[in-house]
1. Below 8 Å, C-alpha to C-alpha, sequence gap of six or more: please give me the relative contact order for the chain in percent.
2. Dipole size in debye (nearest 20) for segment 52-116 around its Cα centre, Lys and Arg Cβ +1, Asp and Glu Cβ -1?
3. In the chain, what is the count of Lys pairs whose alpha carbons are under 18 Å apart, counting only pairs at least 8 residues apart or on separate chains?
4. What's the longest piece of the chain with no exposed chymotrypsin sites (Phe, Trp or Tyr not before Pro), counting a site as exposed if DSSP puts it in a loop and it has at most 13 other beta carbons within 10 Å?
5. Counting Lys and Arg as +1 and Asp and Glu as -1, each charge on the Cβ, what is the dipole of the chain about the Cα centre in debye, to the nearest 20?
6. Among N86, N17, N61, determine the one that fluctuates most according to a GNM of the chain built with springs between C-alpha atoms less than 10 Å apart.
7. In the chain, carbon and sulfur make up what percent of the accessible area (probe 1.4 Å)?
8. Per the Cauchy relation, a quarter of the hull surface: what is the mean projected area of the convex hull of the alpha carbons in segment 42-116, in nm²?
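The values are calculated or read from the model by the stated rules, or taken from the named source; none is laboratory data. Everything numeric in this text was worked out from a predicted model, so none of it was measured. All Cβ positions, glycine included, derive from the backbone under ideal geometry; neighbour counts span all protein chains shown. Quick note on the areas: whole protein, heavy atoms, side chains included, nothing else; ligands and nucleic acids left out. Shrake-Rupley method; radii C 1.70, N 1.55, O 1.52, S 1.80 Å.
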Amino acid sequence: MSKDILSIYVLRDMEINMVLYKAPSANHAPAVKRAIKATTFTDSISTTLTESGTYTLELTNPAWDYTIVGTFEYQVPQAVENTPANTPSATKILKDGQLLFLYEGKMYNVQGQQVQ
């Protein structure tokens, strides 16, 4: 899934050193941030994020006298499981311009009153 991928692009043809850190979560014992990825690239680089948390990205170049630093929060997407309903759904019927619902063999109007 593309939303789990961090991509970095360089507009100029130059070598960039990248270090991606992840800060420890609040419920763990205090510790220093840990490096997730450290590499050098020239055009672009992508890495998959698999854990929720606070990340710090550092970009440097040997010719620079500075470091570009960015911090961001990432939350792993949560999926909801599809659970089938035990009860059948109602069937919608349009009869003489009136919306009716057929449910378990009985007909109901939109107010939920049985009409048949």
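1. That works out to 19 percent.
2. Here the size comes out at about 620 debye.
3. Lysine pairs satisfying the spacing and distance rule in the chain number 5.
4. Looking at the chain, 1-63 is the longest stretch - no exposed chymotrypsin sites (Phe, Trp or Tyr not before Pro) with at most 13 other Cβ atoms within 10 Å.
5. It comes to approximately 420 debye.
6. Between N86, N17, N61, it is N86 that shows the largest mean-square fluctuation.
7. 51
8. Average of the hull's projected areas for segment 42-116 equals 11.6 nm².
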